[in-house]
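What follows is a single structure, written as structure tokens, with notes after it.
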Amino acid sequence: MNQSISIVDYLVIGFYFIFILYIGFRLIDRKAKSSTLQYLVGGRQLTIPAFVATLVSTWYGGILGVGEFTYLYGIANWLVFGVPYYLAALLFAFLIAKRARREQLLTIPEQLERAYGKTTSLIGALFVFIMTIPAAYVLMLGILLQFFFGWPLWICVVLGSLFSMIYVLIGGFKSVVRTDFYQFSLMFLGFIIIIVFSYAKYGGLAFLKSSLPHNHFVWHGGQGAGYIIVWFFIALATLVEPAFYQRCFAAKDERVARLGTLISVLFWIGFDFLTTTAGLYARAILPDLQNPVTSYLQLGAKVLPPFILGLFLTGLLATIMSTVDSYGFISALTIGRDYIWRLKNQNDEDKIPAYTRIGLIFTALFSIIIALWGQSVVRIWKDLGSIGTPALLIPVVSSFFAKLRMHPKSAVITMISGALVSGLWILSKDTGLFGGDYLLGVEPIYPGLGITLIIYFLDRMILLRVKE
């Protein structure tokens, strides 16, 4: 047990675990167990409050990484992990959200199949699975549980993974949404608490300015322009973010899909303000932390009294678990619906929930293996995103616009080429052939996106000539 955490705090944490299980199991409508549409997308009845709560909480699982970055580089956190994603989310809201809801689909691969055929769909499903496998968040949850209880990391990773997905096994998407309501509230409550207590004990802006390095209040945080710019390209992953599409597929109507996404951006801006401020307080109050990943945890232990600390820690848990269960379910649905059900060539959709449950078990096991093997949240995050984004970006986005679509064979070549080039760039660093850096010193996502753009424009030129 962690000596900085009191018995009262452990009781609060324990109550949170019990309550989430209660919500996930007991409040499930029995019809959700027998209805495929209920299990997969909540019967397409997601209202704006539910849409916002589940999307906001799902898309913010990397909370410990945010704390680490703010501790090291200050307000640059908002520019790196904030602004690029706000802009990408706005693009999604105005260009895709309504179109996605209009299609009456269940998954991204289903959209790819409509636009480009079964082969493209099956290949696309692989990259959707890669992008949603919650290994990084399972590892983060394991690190958090290890901080709480002091158990070996592998035990914490296994327990965290299983706990976050077990209620989804029974209730499906409806369980995800119901638990996300409470996790959304807890994540905001936790960071409001830590800022209020830090301000009351140490002071406000004057204290931070006098206690922090100068670069912590510079927009780039001492990083080069190239480092900042790459995150604007990484943020393009938002346009193929499966969690966004799933919420749009589940929305009550097109208005909910677009307006819900726009309102979510406002909540992300607010939450980023809270997390960045908390990270600045952590650096100012605890300037010599050996492991900045634990900055929020150490700050809470420093400034919060018993019970209040427990509330803050449950806020951190809620932030991560809301992402693990959501991504875990999307990964499971990809396996169950887009592989098992499709490859069996079945027309009966009643089998999909059962196949999805099989997929969830596989997802949990695979996430645990990658988390324990990778041992780095940022590395898992970055590598999987650098492979999946180039593969999916152009085929998925273009699929919603008839005039922009490629030839089906070109879509297949685009996905394979984008992933292959980015993957080889990642290996160029792992093998050490270039002094421990990437080939030509270029981030993997750039060549991956570059080759897909070349293929796309060549395809468009050929199609236009054929039409002429």
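The values are calculated or read from the model by the stated rules, or taken from the named source; none is laboratory data. Because the structure is a prediction, the values reported are computed rather than measured. Neighbour counts are summed over all protein chains in view; Cβ atoms, including those assigned to glycine, are modelled from backbone coordinates with ideal geometry.
Please determine whether any residue of region 265-286 is within 24 Å of Leu144 (Cα to Cα) and not in a helix (DSSP H, G or I).
There is at least one residue in region 265-286 that is within 24 Å of Leu144 (Cα to Cα) and not in a helix (DSSP H, G or I).
I'd like to know if region 23-42 contains one or more residues that are touching a Lys or Arg at 6+ places or on another chain (Cβ under 7 Å), among the β-branched types (Val, Ile, Thr), at pLDDT below 95 and assigned by TED's automatic domain parsing to the domain that holds Phe217.
Yes, region 23-42 contains a residue that is touching a Lys or Arg at 6+ places or on another chain (Cβ under 7 Å), among the β-branched types (Val, Ile, Thr), at pLDDT below 95 and assigned by TED's automatic domain parsing to the domain that holds Phe217.
Select from region 109-146 the residues that are β-branched (Val, Ile, Thr), under 17 Å from the mean Cα position of the chain (by Cα) and over 20 Å from Gly160 (Cβ atoms) and write down the one among them that is surrounded by the fewest Cβ atoms within 10 Å (Cβ to Cβ).
Within region 109-146, the match that is surrounded by the fewest Cβ atoms within 10 Å (Cβ to Cβ) is Ile130.
In this structure, is Asp272 buried (at least 18 other Cβ atoms within 10 Å of the Cβ) and out of contact with any His (no Cβ under 7 Å at 6 or more places or on another chain)?
So Asp272 fits the description; yes.
Enumerate the helices (runs of 4 or more DSSP H) found wholly within region 173-262, keeping only those where 1 or more residues are in contact with a Gly (Cβ under 6 Å, 6 or more places away or on another chain).
Values: elements: 173-202, 205-211, 225-234, 242-250.
Qualifying helices (runs of 4 or more DSSP H): 173-202, 242-250.
Scan region 33-85 residue by residue and report those that are free of Cβ contacts under 8 Å to residues at least 40 places away in the same chain and in contact with a His (Cβ under 8 Å, 6 or more places away or on another chain).
none
Give me the pairs, please: first residue somewhere in region 305-325 and within 12 Å of Asp180 (Cα to Cα), second residue anywhere and not in a helix (DSSP H, G or I), beta-carbon distance under 6 Å, and either six or more positions apart or on two chains.
Taking only residues 6 or more apart or on different chains, the pairs are Thr319/Tyr60; Ile320/Gly61; Thr323/Gly61; Val324/Pro134.
Which residues, taken from region 292-310, are more than 23 Å from the chain's Cα centre (by Cα) and not β-branched (Val, Ile, Thr)?
The answer is Gln298, Leu299, Gly300, Ala301, Lys302, Leu304, Pro305, Pro306, Phe307, Leu309, Gly310.
Specify which of the listed residues (Ala402, Ala391) is aliphatic (A, V, I, L, M), under 24 Å from Leu95 (Cβ atoms) and buried (at least 22 other Cβ atoms within 10 Å of the Cβ).
Ala391
Looking at region 97-152, which of the residues that are among the aliphatic types (A, V, I, L, M) and part of a loop (DSSP other than H, G, I, E, B) is farthest from Val256 (Cα to Cα)?
Among those residues, the one meeting the criterion is Ile133.
If I filter region 370-420 down to residues being in a helix (DSSP H, G or I) and of a type in the set (Phe, Trp, Tyr), which single residue comes out as nearest to the chain's Cα centre (by Cα)?
Top of the filtered list is Trp381.
Step by step: first the residues of region 147-164, then only those that are at pLDDT 90 or above and among the aliphatic types (A, V, I, L, M), then the one that is nearest to the chain's Cα centre (by Cα). Which residue is that?
Val157
Looking only at region 430-448, which residues are crowded, with 17+ Cβ neighbours inside 10 Å, without any contact (Cβ under 8 Å) to a residue 40 or more places away in the chain and assigned to a helix (DSSP H, G or I)? I'd like the intermediate steps shown before the answer.
Taking region 430-448 as the starting set, the residues that turn out to be crowded, with 17+ Cβ neighbours inside 10 Å are 438, 443-448.
Cutting the leftovers down to without any contact (Cβ under 8 Å) to a residue 40 or more places away in the chain gives us 438, 447.
The answer is Pro447, and nothing else.
Given Lys252, Lys302, which one is surrounded by fewer than 24 Cβ atoms within 10 Å (Cβ to Cβ), of a type in the set (Lys, Arg) and farther than 30 Å from Lys118 by Cα?
Lys302
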